[in-house]
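The values are calculated or read from the model by the stated rules, or taken from the named source; none is laboratory data. Predicted, not measured: the structure shown is a model, and the values here were computed from it. Backbone-built Cβ (ideal geometry, glycine too); neighbour counts: all protein chains shown. To get the accessible areas, we keep the full protein, side chains included, count just its heavy atoms, and leave off ligands, DNA and RNA. Shrake-Rupley method; radii C 1.70, N 1.55, O 1.52, S 1.80 Å.
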Amino acid sequence: MDQYSDFIIIKAKENGVNVIGLTRGKETRFHHSEKLDKGEVMIFQFTEHTSAVKIRGKALIQSRHGVLETEDE
Ligand code: TRP
């Protein structure tokens with residue numbers, strides 16, 4: 001894959017938000033976990049290694065599909 005898809009932006013709304021990357025292909029497993037503190041932003045793409053992302057904690061997520069928030073705990 002030469003060209004990756006759009007960027008996704010995540011902004012943490014509390015300390016300790018986890019952004020977890022899951023593998024592409026036959027096996028779906030965690031391969032990367034990134035911890036964000038309040039106000040920190042992560043910008044990422046889906047790649048040949050990453051097909052899904054799980055977000056734990058309060059965060060704002062922006063993509064071409066719009067803006068959404070994870071639910072309050
Ligand atoms: N090495 C990973 C990859 O190229 C890095 C990565 C890309 C990633 N997008 C991600 C890690 C999203 C966590 C979440 O696929």
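Note that the chain presents 73 Å² accessible area per residue, ligands and nucleic acids not counted, probe 1.4 Å.
Quick one: pull the percent of accessible area on the chain belonging to carbon and sulfur, 1.4 Å probe, ligands and nucleic acids left out.
Details: 2520 of 5340 Å².
Ligands and nucleic acids excluded, carbon and sulfur give 47 percent.
A Förster radius of 22 Å, combined with the Cβ-Cβ distance separating residue 35 from residue 62, puts the computed FRET efficiency at roughly 0.65. The Cα atoms of segment 1-59 cover 33, 23, 12 Å along the three principal axes, with the biggest extent listed first.
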